[in-house]
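The values are calculated or read from the model by the stated rules, or taken from the named source; none is laboratory data. All figures in this text were calculated on a predicted structure; none of them were measured in a lab. Note that each Cβ is placed from the backbone with ideal geometry, even for glycine, and that neighbours are counted across all protein chains shown. Ligands, DNA and RNA are stripped out before the accessible areas are found, and what is left, the full protein with its side chains, is counted by its heavy atoms. Shrake-Rupley method; radii C 1.70, N 1.55, O 1.52, S 1.80 Å.
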Amino acid sequence: MSAQLPANLSAETVREISDARDEPEWLLEARLEALDALDALELPDVIQTPGRRWTNLEALDFESLVDPLNQADETTREAPDDVVVLPFTEAFDEYGDLIEERFGSVTDLETNYLTALSAALFTTGTFIYVPEGVNAEDVKIRAEMNSRSLFSHTLVVTEKSSSVTILEGIESGDTDVEGERYFSNLVEVDAGENSYVQYGSLQNLDEDTYTYSLKRGITGTYSTINWIEGNLGSRLTRSDIETELTGEASETKIVGAFFGHNDQHLDVNARVWHKAENTTADLVTRGVLDDQARSVYEGVQDVGRDAWSTNSYQRENTLMLSDESEADASPKLIINNHDTEASHAATVGQVDKEDLFYMASRSIPEHQARNMLVEGFFVPVLEEIEVDEFREELRELIAARLH
């Protein structure tokens, strides 16, 4: 289903954004092509059952949500000296040819209406380049959203035998903007031969914000892309994480955690395409829902005809703390050759009453017992997170919501 083009969006608007950033002509053309495609593009696919669409993206009023010429953010970037971490505007002079070559090469900017809208309007984001043989452990990007709408684009390029760990956080800053807001985040990861990328993202925007993110990576031979995704904020979250395993013996892990309360809606998706031999994927997601919160999960493992000797695993578990919360899960296996080891599982359930009774019998108050069970429920996902700082920050946010 398509969305209406906002009246305040035109080629002149896009040119004004590009001119203000002193961008090269090729990027302006890419923006204008994305703009031109909007009329023909559909909103992202959502899971449907007869008579019901699980996520109602059509309800988003882009006319009021999108204010393209008044985007504002406060972003800090920290990185070791031997890795390039720059806003695009500062990277064009030295790395313009590389950015032109790789920008939009991992993610088709016209994948859907929301990706094209973001490509046409982005004003913030980061270019990350890791030269051959460099090991960069601590790249940190912290962003505050200070406007009605904000569009971000990040491009990560790693050369042969390099490695990088990236931690990204987004939250709402001080703003006089009243009413609903919209945040869009596109991330492309191009992992070179035998390189390692770990990309962690923590979204904790206020609950007047609608969020769309698409993070996508393509692997080279023997390379690894690992994703960590934490979603606790925003009113409606649509989060897509995808890896295309095109390099032989390449690997990916997608670790997700979400915690919804009040009337939050979380549409969380993990997808992997196995396109080469000896590839491995592991998808692990856990979520908790309270009050009237709702979650939708889709996990896809697609094994191609030539992806011999594939290993692919998927597990998703949702815990509901109230009778009014609601969760749906749709794990999918698509296997096109017989030399594949794959599995998937998804569970949805309430807090175990026997566990609560046992803890009450040990004089633990009910609220404390419930919180202990929730913290224990998240442990398998937290243990998958190799970055101590990210794991502790996510643990603290979960604890704060519980208490």
- Query: Does segment 228-236 contain any residue that is more than 19 Å from F378 (Cα to Cα), assigned to a strand (DSSP E or B) and in contact with a helix residue (DSSP H, G or I) (Cβ under 9 Å, 6 or more places away or on another chain)?
  - Reply: yes
- Item | Filtered residues of segment 154-167 (kept if buried (at least 22 other Cβ atoms within 10 Å of the Cβ) and in a strand (DSSP E or B)) | T154, L155, V156, V157, T158, V164, I166
- Answer yes or no as to whether N226 is open to solvent by 10 Å² or more (accessible area, probe 1.4 Å) and within 18 Å of the chain's Cα centre (by Cα). yes
- So, in segment 132-153, of the ones that are out of contact with any Phe, Trp or Tyr (no Cβ under 9 Å at 6 or more places or on another chain) and among the basic types (K, R), which residue ends up surrounded by the most Cβ atoms within 10 Å (Cβ to Cβ)? K140
- Note on the structure: Checked against (1) closer than 24 Å to V268 by Cβ; (2) at pLDDT below 95; (3) surrounded by 19 or more Cβ atoms within 10 Å (Cβ to Cβ), T126 satisfies every condition except (2)
- Message: Six or more apart or on different chains, Cβ atoms under 8 Å: show the pairs whose first residue is in segment 198-224 and at positive phi and whose second is open to solvent by less than 10 Å² (accessible area, probe 1.4 Å) and not in a strand (DSSP E or B).
- Response: Y222/G247; Y222/S250
- Message: Of all residues being among the polar types (S, T, N, Q) and not in a strand (DSSP E or B) in segment 248-271, which is surrounded by the most Cβ atoms within 10 Å (Cβ to Cβ)? Just the residue, please.
- Response: S250
- Task: Evaluate the following for L245: is it buried (at least 21 other Cβ atoms within 10 Å of the Cβ) and either free of Cβ contacts under 8 Å to residues at least 60 places away in the same chain or within 13 Å of the chain's Cα centre (by Cα) (or both)?
- Result: no
- Message: Pairs please, first residue from segment 186-197 and closer than 15 Å to K253 by Cα, second anywhere and open to solvent by 10 Å² or more (accessible area, probe 1.4 Å) and among the acidic types (D, E), Cβ atoms under 8 Å, 6+ apart in sequence or on different chains.
- Response: S195/E159
- Task: Scan segment 186-197 for residues that are in a strand (DSSP E or B) and open to solvent by less than 10 Å² (accessible area, probe 1.4 Å) and report the count.
- Result: 6
- Message: Whether any residue in segment 88-102 is closer than 24 Å to R235 by Cβ and open to solvent by 40 Å² or more (accessible area, probe 1.4 Å) is what I want to check.
- Response: no
- Within segment 137-189, count every residue that is over 23 Å from R391 (Cβ atoms) and of a type outside the set (S, T, Y). 21
- May I ask you to list the residues in segment 147-196 that are acidic (D, E) and touching a helix residue (DSSP H, G or I) at 6+ places or on another chain (Cβ under 8 Å)? E180, E188, D190
- Looking at segment 41-89, which of its residues are part of a helix (DSSP H, G or I) and free of Cβ contacts under 8 Å to residues at least 12 places away in the same chain? A59
- Going through segment 306-335 one residue at a time, which ones are in a loop (DSSP other than H, G, I, E, B) and either over 27 Å from the mean Cα position of the chain (by Cα) or surrounded by 18 or more Cβ atoms within 10 Å (Cβ to Cβ) (or both)? D306, A307, W308, S309, L321, D323, S325
- Any residue at all in segment 172-183 that is more than 13 Å from the chain's Cα centre (by Cα), surrounded by 21 or more Cβ atoms within 10 Å (Cβ to Cβ) and touching a residue at least 12 places away in the same chain (Cβ under 8 Å)? yes
